[in-house]
Amino acid sequence: MKKVIMGNHAVSYGVRASEAKVISAYPITPQTQIVELLSEMCASGEIDAKFIKVESEHSAMAACVGASAAGSRSFTATSAQGLLLMHEMLHWAVGGRLPIVLANINRAVGPPWSIWTDQNDSLSQRDVGLIQFYCESNQETQDTIPQAFRVAEKVQLPVMLVLDAFFLSHTFEIVDILEAEKVREYLPPYNPDIKIDTADPHSFGNLAGPDNYFELRYMIQMAMNEAKDEIVDAGKAFGEQFGREYGLIQPYKCDDADVIFVTSGTVASTTRAVIDEMREQGLKVGSLKIRVVRPFPFDEIFDVLSSAKKVAVIDRNISFGSHGIFYQEIKSALYGRTDIPILGYIAGLGGRDVTPKVIREIADKAMNDKSPDRNINWIGVKI
Amino acid sequence: MGEQTSFKSYKEMPIRAMTISDMMWNLTGSWRNVRPYYDFKTSPCRVGCPAGEDIQRYIYLITEKLYEEAWKTIIETNPMPAVTGRVCFHPCMDKCTRKDFDQAVNINAIERRIGDMGLENPDWMEKAAASGEFKVAVVGGGPAGLSCAFYLAREGHSVTIFEAERALGGVLRWGIPEYRLPNDVLDKVVGSILESGPIEVKTGTALGKDIKLAEIEKEFDAVFIGVGLMRSRELGIEGEENDRIEAGLDFLRKVNSGEKVDPGKRVVVVGGGNTAMDVARCALRTGSEVTVVYRRTLNEMPAIRDEIEEAEREGVHFHFLATPKEIAGSGKKGIKVVFQEMELGEPDDSGRRRPVPVEGKTFDMEVDRIFTAIGEKADLGTIESVLDCEWDLIKVKDEYGETSRSKIYAAGDVVTGAASVVEAIAAGRKAAQSIHSLLTGEKIPEAEKKDVVGIEDMNTVYFEHSNRTQMPRISVEDAVGGYNEINSGFGPDELHREADRCFSCGVCNFCDNCWVFCPDVAIHRGEEEYEIEYDYCKGCLVCVHECPRNALSVREEGK
């Protein structure tokens, strides 16, 4: 059944279809509607899940940690400051190897207070060990939730799903709604081998000395590597069953492109529209959407970008004192394998609109500037 | 200590950071510097109850549907819950913690339902056999005497009740109107008490008239006197000896005996206590227009609030700050009464502001009948020649009712002056304990001294607000049209709804919070109680904080 729904509710429907058993969250704009709808679904019995009210995001993730450790499929959602407050517990979820799914609505971090989108909140969690998906449409958002649970439970790592505030969270689009009974085969009920059980008591997350800690970290990295294959497999299997296939990255008109724009989130859709317009003008351009940031698809990205003459990375984030974060990642993906120029563009921080005009401005600069700063170019900032 | 595990390869390790064996060897209780422990306290309602009923316990038993046990819990301290459930001024409810949260639990109505269940199930009453060793006389078959007789008979002592009237009950029968306490309920209550053990009754036997105290004293091993206060106090004004001025108690006795009464159209009741309310409402039921004249204000009225409100609802008028001064004229059409206007002065010994006449301010009223209800007094008669008395009351040494003469005990209104039914029941029981101790040499059990909890000790986040369940009530029209009982009592749903509102202050009711919250799984749930496994309790005190009812306490280790 198709419905016109907002991005936030696409998350809720994805969670419904995935039959999560425990949902715990603390309200924060622009996420709140996700858990509002889920709480209504819990109350009406539409989903058979326990909704745990908490007093902070830290506790929300702590509740998910406990529930997941006890063998329940668990979900939470948050934004910006809430995600940062959750930070310690994110490490817990990773180190505890707990397949929790978290939806983060990208919201610029305060102060100054902002409720509008940028990616600094989610990318601040880059090194925690979360698998990270960046979504660009409501349909993709809904479809990614069962994929996220499937991958998480296979490799025993938590997943964070990321959506742009308002541009996606509050935008209404047509979504083909997933029904739980049809998803059940794709995503069977979660039943882990190891879980908290008073009949078989163990201590979890306890002390590990220098002789053991190192190996446990190594195993997380192994799980991340494994996750890459699982994401590809989950995206393919989803396509086979539901007719919509997903992957680690999404190249668009890249095969013969001289210049490729690297994007993520809703900027990816805008960029594709600009590519079409430029192609009509005879310009050989393409775009590459990065859907999965961790594990980072180094080889897949190299395969797409290596044939281009120039790469322009659009970052809706900034690592102060360095560059855009996607820029750094792309650079490290291509390092030592090619010497094509990689240009970095910072745009749309704090929810400033990244319109087709802005993309075109980036494209023009990338193609025409005689000697651009390779690392960092600020687009639209009032200097 | 458990074995430290070393692995040759990560492949041997569990995916989760977890111990391979269990961790029972790790006695984390040694980390503790404070110790939580189950420490049940006293609920404030119990402190409020003059009879010391274990209210929390019987309400808990009701929630578990253990009605017989609930009833037995009550009769440990009060043999007539069907009576007090109807007429008690329920100070327990004034102390109820829930009063500071939303509305006090309707303990009174709960007690009534359980009391009635006791009457519906006569087999609940265990019958005590006579030990044949001791004989005790109980003079006066009112609430104090019945209570004393009940607790003596339970010990196997042979009791003889001497009652001046033709039936037992005292003020319950002759003072309290049937719309508050129907006679058939009272008859059943009295019957159940008489069935409970070796109790013999001699009605129509008035002390000093039909039998002498000296004779009783000779024949019995101990004597209890609980003759109550059966005479109304006079107004003490000029012209008081008038047919149109009648003692309120005499009027109530006639009404309760089924005698035809016709006080006339215009009736004034003087007084502000429960007798005044009873008289006023009975007069209303004969078709009179009734005005209660009280020398202080509504705030100082000693009557039970509910009774005042009921009287008002039924149409009784109130005139405050006035008192009769003289009867100025008397004729066929009525009497002319002069009232002195009053104002409130300095507080007196009772803490209430004293009424003081307002110089020169009076008013007249023409009435058909004045009922006096300004207090009752004892009819001590020959008792005064045997026992020390003061202010027309028998003097006792302590709360256990010992009088100036050994083997003679007294309790109830004849000792305290006008008080309540529940206080008489409590005093009767205490006297019974004292008499039992005298006869057998057994010590009177000391009351447990535990801390009393209040709202500040509770974790009220676990409670939801709700309104008190009220008893269904007949309409005002039906009420004033006769003597049908006004409150019709709880059914099973109402009983449970209200019992579920009890916070169980200070006493565990197995809500499982401690058990659920203990992060160390160091609390175990047994059949009858929870147990803390101190080998693993780290003393985090989450159990203490999350207990909604303060049933746990803390002490420092090593102290």
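Each value in this text was obtained by applying a stated rule to the coordinates, not by laboratory testing. Owing to the predicted nature of the structure, the values given are computational and were not obtained by experimental measurement. Every residue, glycine as well, gets a Cβ built from its backbone with ideal geometry; the counts of neighbours run over all protein chains shown.
Using the count of nearby Cβ atoms within 10 Å as a rough guide to exposure, how do A:LYS284, B:LYS332, B:LYS209 rank from fewest to most?
B:LYS332, B:LYS209, A:LYS284
As I understand it, the dipole of the protein assembly as shown uses +1 on the Cβ of Lys and Arg and -1 on the Cβ of Asp and Glu, about the Cα centre. Which of A:LEU102, B:VAL358, B:ILE444 lies farthest toward its positive end?
Of the options given, the answer is A:LEU102.
Which one of A:LEU123, A:MET86, A:GLN156 is farthest out on the positive end of the charge dipole of the stretch A:2-242, using unit charges on Cβ (Lys, Arg +1; Asp, Glu -1) and the Cα centre as origin?
Result: A:MET86.
Helix B:421-440 versus the longest principal axis of chain B: what is the Cα-based angle in degrees, 0 to 90, to the nearest 10?
70 degrees
In degrees from 0 to 90, rounded to the nearest 10, what is the angle of the helix B:107-120 Cα long axis to the longest principal axis of chain B?
On a 0 to 90 degree scale, this one is about 80.
Taking each residue of B:17-27 in turn, how many C-beta atoms of other protein chains fall within 10 Å of its C-beta, and what is the average?
4
Sequence-distant or interchain residues sharing an amide H contact under 5 Å with B:CYS389, placed H: which?
HN-HN under 5 Å from B:CYS389: B:LYS395.
In degrees from 0 to 90, rounded to the nearest 10, what is the angle of the helix B:305-314 Cα long axis to the longest principal axis of chain B?
50 degrees
In what sequence do A:VAL151, B:VAL223 fall when counting other Cβ within 10 Å, fewest first?
With the fewest neighbours first, A:VAL151, B:VAL223 line up as B:VAL223, A:VAL151.
Which whole-number percentage describes the relative contact order of chain A, with Cα contacts under 8 Å and a sequence gap of 6 or more?
That works out to 16 percent.
Which residues' amide hydrogens lie under 5 Å from the amide hydrogen of B:ALA322, considering only partners 5 or more residues apart or on another chain, with H built in the peptide plane?
B:TYR294, B:ARG295, B:ARG296, B:MET342
Report, in cubic angstrom per residue, the convex hull volume of the C-alpha atoms of chain B.
199 Å³
How far is the Cα center of the stretch B:59-125 from the Cα center of the stretch B:249-281, in Å?
Centre-to-centre distance over Cα atoms comes out at 30 Å.
Let me make sure I get this right: for the stretch B:232-376, a, b and c are the square roots of the gyration tensor eigenvalues over alpha carbons, sorted descending. Under 1.5 in a/c it's rounded, otherwise prolate if a/b > b/c, else oblate. Which is it?
oblate
Does the stretch A:96-249 come out rounded, prolate or oblate, given a ≥ b ≥ c as the square roots of the eigenvalues of its C-alpha gyration tensor, rounded meaning a/c under 1.5 and, failing that, prolate meaning a/b above b/c?
Oblate shape, in that a/c is at least 1.5 and b/c is the bigger or equal ratio.
Using the Karplus curve 6.51 cos²θ - 1.76 cosθ + 1.60 with θ = phi - 60°, work out ³J(HN,Hα) for each residue of the stretch B:44-49 in order, rounded to whole Hz, and write x for Gly and Pro.
For the stretch B:44-49, the Karplus curve yields x, 4, 5, 5, x, 7 Hz.
Determine, for each peptide in B:390-397, B:364-371, B:257-264, the mean count of other beta carbons within 10 angstrom over its residues, then list the peptides with the highest first.
My ranking of the peptides, most packed first, is B:364-371, B:390-397, B:257-264.
For chain A, which longest stretch is free of loop sites, where a loop site is one of the chymotrypsin sites (Phe, Trp or Tyr not before Pro) that DSSP puts outside H, G, I, E and B and that has at most 14 other Cβ atoms within 10 Å?
It works out to A:114-319.
Partner chain Cβ atoms within 10 Å, averaged over the residues of A:213-226 - can you pull that number for me?
For this peptide, the per-residue mean of nearby foreign Cβ atoms is 2.
In sequence order, what are the phi-derived ³J(HN,Hα) couplings for the stretch B:338-345 according to the Karplus relation 6.51 cos²θ - 1.76 cosθ + 1.60 with θ = phi - 60°, rounded to whole Hz, with x for glycine and proline?
9, 9, 8, 6, 10, 9, 8, x
Distance between the C-alpha centers of the stretch A:120-171 and the stretch B:393-411? Whole Å please.
Their Cα centres are 84 Å away from one another.
Using DSSP to define loop residues, name the GluC sites (Glu not before Pro) in the stretch B:1-54 whose beta-carbon has at most 15 other beta-carbon atoms within 10 Å.
Within the stretch B:1-54, the qualifying GluC sites (Glu not before Pro) (loop, at most 15 other Cβ atoms within 10 Å) are B:GLU3.
For the stretch A:129-236, state which GluC sites (Glu not before Pro) are in a DSSP loop and have at most 14 other beta carbons lying within 10 Å of their beta carbon.
Hits after loop and neighbour filter: A:GLU179, A:GLU185.
Kindly provide the Kirkwood hydrodynamic radius of the protein assembly as shown in Å, to one decimal, from all pairs of distinct alpha carbon atoms.
One over the average 1/r among Cα pairs gives 35.0 Å for the protein assembly as shown.
Treating only the Cβ of Lys, Arg, Asp and Glu as charged (+1, +1, -1, -1), what charge dipole size does the stretch B:232-376 show about its Cα centre? Round to the nearest 20 debye.
360 debye
Once label points are set 7 Å from the Cα along Cα→Cβ at both B:ASP243 and A:ASP364, what is their separation, rounded to one decimal in nm?
Here the answer is 12.0 nm between the modelled labels.
Is the stretch A:249-378 best put as rounded, prolate or oblate by its Cα gyration tensor, with a ≥ b ≥ c the root eigenvalues, rounded for a/c under 1.5, and otherwise prolate when a/b is larger than b/c, oblate when not?
Cα axes put the stretch A:249-378 in the rounded bin.
Using θ = phi - 60° and the Karplus form 6.51 cos²θ - 1.76 cosθ + 1.60, what ³J(HN,Hα) does each residue of the stretch A:215-231 get, whole Hz, x for Gly and Pro?
5, 5, 5, 4, 5, 5, 5, 4, 5, 4, 4, 5, 4, 4, 5, 5, 5
Given H placed on each backbone N at 1.01 Å, which residues far from A:THR117 in sequence or on other chains put an amide H within less than 5 Å of it?
Under 5 Å from the amide H of A:THR117 lie the amide H atoms of A:ALA108, A:ALA165, A:GLY351, each far enough along the sequence or on another chain.
Just flag the GluC sites (Glu not before Pro) in the stretch B:452-545 sitting in loop per DSSP whose Cβ has no more than 14 other Cβ atoms within 10 Å.
Listed in order of number, the matching sites are B:GLU464, B:GLU527, B:GLU528, B:GLU529, B:GLU533.
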